[in-house]
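*Asks:* Supplied in structure tokens, the structure appears directly below.
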Amino acid sequence: MARPNLCDPKLVLDPHKKLEEKRAPLKSWANTSMGKDRRQQVEIENKVLSPSPSEPGVRAARRPDMAMDCIEENGHRHALSLWLTDERGTDSTILLQYGSLDMAPSLLMRDMEVAMEKLGLTFVKIYALDIFCDMMRKQSSYALQSPELPSGFTSCTRAILVDWLIQVHDAFHYSEETLYLTVHLLNRCMRSCRVSIATFQLLGMACLFIASKREECLLPEVSELCFLMENTYSKKQLLRMERHVLKELKYDLSYCYPLHFLLLSGTITRYSAQVLWMARYFLELTLLEPQCLVFQPVQLASAALCLACRVLQGQLFPASERAWMTAGSIYICSERTAQRILHYIARLVMRAGASETQATFLKFSSVTRLQVSLHPCLQSVLPLLGLL
Amino acid sequence: MQNLRHAATEAFNRLGLKQRHLGYEELDDVGDSAFPSGPIQPQWFHTLQVRRLRVQRTRSNSDPLGGKSFEQEFQWRTGLKFGTATSYLNLEKLGEGSYATVYKGISRINGHLVALKVIRMKTEEGVPFTAIREASLLKGLKHSNIVLLHDIIHTRESLTFVFEYVQTDLGQYMVQHPGGLHSYNVKLFLFQLLRGLSYIHRQRILHRDLKPQNLLISYLGELKLADFGLARSKSVPSQSYSSEVVTLWYRPPDVLLGATDYSTGLDIWGAGCIFIEMLQGSPAFPGVADIFEQLQKIWAVLGVPTEETWPGVSELPNYKPEWFLPCEPRMFRNVWKRLGQLPYKAEDLAQKLLHSVPQDRLPAQEALQHEYFGSLSPALLQLPDTVSIFKVPGVRLETEIRDIFSPGRKSRPALAPLTKCW
């Protein structure tokens with residue numbers, strides 16, 4: 001299988017970073033959340049190269065894979081070297097070093113497997129690392145090339161629609177995946193189809209309708225959806241729009257949910273529930289900002305978790321600290337990219353209570369979500385990032 | 001709810017982007033009026049046969065194709081695009097399912113045979129969710145043991161999936177070769193089935209509806225998983241699936257007992273049942289009436305489970321041990337005679353696949369490395385996903401016994417001229 005994403009180091013690390021931009025080591029991030037996914041990637045690659053002795057079957061399965069399939073092997077190696085590049089760029093030596101380090105990565109590997117299973121991201125443990133590897137490989141393709149909106153649309157227009165979709169989604173008690181998929185479909189439609197303001201709400205609703213068909217057990221009724229749009233559009237129009245959207249997207253409804261990366265990181269690092277809810281709040285806010293479309297899901301998730309951790313001064317449990325020890329020199333994106341995301345999030349947080357688009361703010365002020373959006377520390381998020 | 005209705009509209013109004021109440025005709029730009037509706041007209045068949053390529057060009061020795069690319073010149077018919085109904089021609093009906101009809105067809109773009117799965121659209125709900133799931137899952141699956149989705153044609157009345165055409169399916173193959181298949185062919189089919197399952201399980205997808213009719217067999221012997229209408233991928237909140245899936249015969253005991261949190265074990269059990277059926281020539285657990293009869297058939301081989309042999313079984317909704325006749329576990333070779341004629345490895349694999357405790361069933365990835373497949377070329381385990389196992393030198397289907405005695409069909413052992421449906 002071709003893996004174009006992994007062949008170009010810049011693409012994986014940060015598609016928008018300039019070549020000459022120096023990749024600063026993430027020492028300062030080591031105690032935060034930015035490193036975990038890279039570390040997990042290492043675990044996988046390590047497993048491929050030097051499987052832990054406890055799994056002879058898996059070893060037997062993978063080694064020939066690697067030996068035979070040249071592209072496969074190069075892809076893995078390349079990916080591994082990318083995750084492990086340090087500031088000197090001497091990836092090959094580090095690769096070998098890590099390849100022989102069996103102990104620490106295998107502990108992380110186990111953490112990873114347990115987390116995947118706990119979150120229901122895999123059916124059986126032996127597929128956990130394969131699935132994670134696949135998620136990492138695909139996720140970078142879900143970042144859009146540019147944050148542009150079609151002419152006539154402002155980020156405010158889009159935010160109003162997304163905000164309304166969040167409300168509708170919440171009213172139906174759908175899973176979070178449905179919401180993220182809806183907005184993802186909307187973004188792709190706005191990029192590929194001709195959209196007009198007059199049918200913008202209809203488009204959003206069609207995306208929600210499709211996403212719920214993909215993800216949910218209970219489907220909404222068409223008439224109900226039309227009622228929610230004040231019957232501005234007829235049932236026939238909604239179904240026609242559904243068909244139009246599916247055709248434009250060529251039935252490709254796949255997506256890597258940033259939420260999955262967030263929960264995975266959160267589970268492995270054993271952050272408190274408050275930090276996790278805060279991070280989920282931040283992540284949902286990024287749906288409103290078109291500038292955030294250009295970032296990869298894993299980058300958004302890491303940034304959200306990182307900021308939540310900073311705001312709440314989240315402490316790691318001792319057990320997970322050793323996890324961070326090995327993660328020190330690994331990258332998810334350059335520090336500059338991370339800062340950009342953090343700034344966007346911070347601005348979104350400051351605007352969250354504004355009357356036009358406050359659905360997320362209200363949603364996360366509920367007791368079940370630990371009232372994270374009302375947290376007093378959020379007032380000082382801008383000074384925290386040195387923006388004031 | 002009422003607030004929700006007004007929320008967006010008011011916000012849009014304030015922005016000065018007031019929505020108009022649209023009439024139907026105004027929305028034509030989002031429709032697909034470009035596509036002709038109604039059945040495909042028969043006279044196309046004639047044009048198909050008499051049509052010849054006529055390309056006007058001057059000859060040149062240095063550039064014999066006149067600057068045109070090979071593909072351009074030898075296109076079946078120019079101007080036809082994927083995604084339109086006119087590009088395909090229905091030949092004959094192959095079968096009819098609950099929500100779709102399958103036709104054999106021919107592509108007017110490249111002349112390939114295709115299978116057209118025409119899904120009826122429900123006017124009330126729009127595109128059926130099964131179709132959306134099947135299409136979006138198949139879009140992401142590229143494997144030689146998964147049926148290939150070429151194209152999707154979407155019109156107002158119907159939705160058509162264009163699949164590669166595969167000659168027959170395992171159900172028909174077994175009907176044509178009664179009394180059990182050649183043991184080497186069984187091995188090849190099972191290997192491919194497990195290879196396909198291992199691939200989809202690694203993609204977080206369960207097939208959920210394994211049965212011989214859903215396993216397509218090409219004339220070479222390539223096995224392909226088809227009909228992903230019940231399949232779905234797994235998302236974070238592990239939603240419980242409805243327990244009304246999987247044909248009864250291939251349904252595992254945990255699902256029969258009412259478990260809803262099923263996992264890859266569901267497909268593995270089906271693979272085990274199909275393994276036995278290929279060897280024996282008859283289904284492993286042919287229950288007739290209902291779930292309890294089906295369970296009784298299973299217990300007759302595996303023994304009635306207890307809390308010791310299967311921790312947690314007593315918590316399943318349908319678990320009522322007093323309803324079942326007491327059964328002791330039996331040796332598989334005593335139940336299914338054909339296993340006794342094969343080396344011990346075959347029985348061992350069957351036992352590991354048909355385990356009553358779902359978590360203990362062998363994952364497909366590990367089953368591929370079972371000793372039973374030890375006699376196959378080790379190169380098979382190292383093939384890239386999209387390469388068929390028949391690309392490995394020396395791997396080919398053996399002639400079935402029945403074909404030896406009917407020489408007329410000997411030349412094409414696996415090719416069934418009959419129709420199939422899935």
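The values are calculated or read from the model by the stated rules, or taken from the named source; none is laboratory data. Values in this document were obtained by computation on a predicted structure and should not be read as measured data. Virtual Cβ from ideal backbone geometry, glycine too; neighbours counted across all protein chains shown. SASA here: full protein model, heavy atoms, side chains in, ligands and nucleic acids out. Shrake-Rupley method; radii C 1.70, N 1.55, O 1.52, S 1.80 Å.
*Asks:* For the stretch B:334-398, please list each of the helices (runs of 4 or more DSSP H) lying entirely inside it that holds at least 3 residues being closer than 27 Å to B:LEU256 by Cα, in the same structural domain as B:SER198 (by the TED database) and open to solvent by less than 20 Å² (accessible area, probe 1.4 Å).
*Replies:* In the stretch B:334-398, B:344-353 are the helices (runs of 4 or more DSSP H) which contain 3 or more residues that are closer than 27 Å to B:LEU256 by Cα, in the same structural domain as B:SER198 (by the TED database) and open to solvent by less than 20 Å² (accessible area, probe 1.4 Å).
*Asks:* Another question, if that's okay. Output the number of the condition that B:SER263 fails; it satisfies all remaining conditions of (1) modelled with pLDDT of 80 or more; (2) within 14 Å of another protein chain (Cβ to nearest Cβ); (3) surrounded by 22 or more Cβ atoms within 10 Å (Cβ to Cβ).
*Replies:* It fails just one condition, (3).
*Asks:* For the condition in contact with a strand residue (DSSP E or B) (Cβ under 8 Å, 6 or more places away or on another chain) and surrounded by fewer than 21 Cβ atoms within 10 Å (Cβ to Cβ), what is the one hit in B:LEU193, B:LEU148, B:LEU159, B:LEU170?
*Replies:* B:LEU148
*Asks:* Yes or no: B:PHE324 touching an Asp or Glu at 6+ places or on another chain (Cβ under 8 Å) and either modelled with pLDDT of 90 or more or assigned by the TED database to the domain that holds B:MET174 (or both)?
*Replies:* Values: touching an Asp or Glu at 6+ places or on another chain (Cβ under 8 Å): no; either modelled with pLDDT of 90 or more or assigned by the TED database to the domain that holds B:MET174 (or both): yes.
Judged against the criteria, B:PHE324 is not a match.
*Asks:* Taking the stretch B:122-139, which residues are open to solvent by 40 Å² or more (accessible area, probe 1.4 Å) and facing chain A (nearest Cβ under 9 Å)?
*Replies:* B:THR123, B:GLU124, B:GLU125, B:PHE129, B:LYS139
*Asks:* Next up: For residues that are touching a helix residue (DSSP H, G or I) at 6+ places or on another chain (Cβ under 8 Å) and not polar (S, T, N, Q), tally how many sit in the stretch B:152-172.
*Replies:* Of the residues in the stretch B:152-172, 9 are touching a helix residue (DSSP H, G or I) at 6+ places or on another chain (Cβ under 8 Å) and not polar (S, T, N, Q).
*Asks:* Can you name the residue in the stretch A:245-262 that is facing another protein chain (nearest Cβ under 7 Å) and open to solvent by 20 Å² or more (accessible area, probe 1.4 Å) and, of all such residues, is nearest to A:THR286 (Cα to Cα)?
*Replies:* By that ranking, first place goes to A:SER254.
*Asks:* Checking B:LYS224 against (1) crowded, with 23+ Cβ neighbours inside 10 Å; (2) modelled with pLDDT of 85 or more; (3) within 30 Å of B:LYS320 (Cα to Cα), which test does it fail?
*Replies:* The number of the failed condition is (3).
*Asks:* From the list B:VAL301, B:VAL288, exactly one residue is among the β-branched types (Val, Ile, Thr), assigned by the TED database to the domain that holds B:ARG251 and in contact (Cβ under 8 Å) with a residue 12 or more places away in the chain. Which is it?
*Replies:* The unique qualifying residue is B:VAL301.
*Asks:* With A:ILE268, A:ILE210 as the choices, which residue is buried (at least 21 other Cβ atoms within 10 Å of the Cβ), outside the structural domain of A:GLU177 (by the TED database) and within 22 Å of the chain's Cα centre (by Cα)?
*Replies:* Every option except A:ILE268 fails the conditions.
*Asks:* When only residues in the stretch A:224-244 that are at the interface with another protein chain (Cβ under 7 Å from one of its Cβ atoms), open to solvent by less than 20 Å² (accessible area, probe 1.4 Å) and assigned to a helix (DSSP H, G or I) count, which is farthest from A:CYS189 (Cα to Cα)?
*Replies:* A:LEU228
*Asks:* Where the second residue is part of a loop (DSSP other than H, G, I, E, B) and of a type in the set (Val, Ile, Thr) and the first is more than 25 Å from A:THR122 (Cβ to Cβ) and modelled with pLDDT of 90 or more and lies in the stretch A:245-267, which pairs have Cβ atoms under 9 Å and are six or more apart or on separate chains?
*Replies:* From the stretch A:245-267, the pairs are A:LEU246/B:VAL127.
*Asks:* Right, something else. Show the residue pairs that are 6+ apart or on different chains and have beta-carbon atoms under 7 Å apart, the first residue being within the stretch B:267-285 and open to solvent by less than 10 Å² (accessible area, probe 1.4 Å), the second being of a type in the set (S, T, N, Q).
*Replies:* Here the result reads B:PHE285/B:GLN294, each pair linking the stretch B:267-285 to a residue that is of a type in the set (S, T, N, Q).
*Asks:* Across the stretch B:350-405, what is the total count of residues that are within 22 Å of A:ILE131 (Cβ to Cβ) and touching a Cys at 6+ places or on another chain (Cβ under 8 Å)?
*Replies:* Residues flagged as within 22 Å of A:ILE131 (Cβ to Cβ) and touching a Cys at 6+ places or on another chain (Cβ under 8 Å) within the stretch B:350-405 amount to 0.
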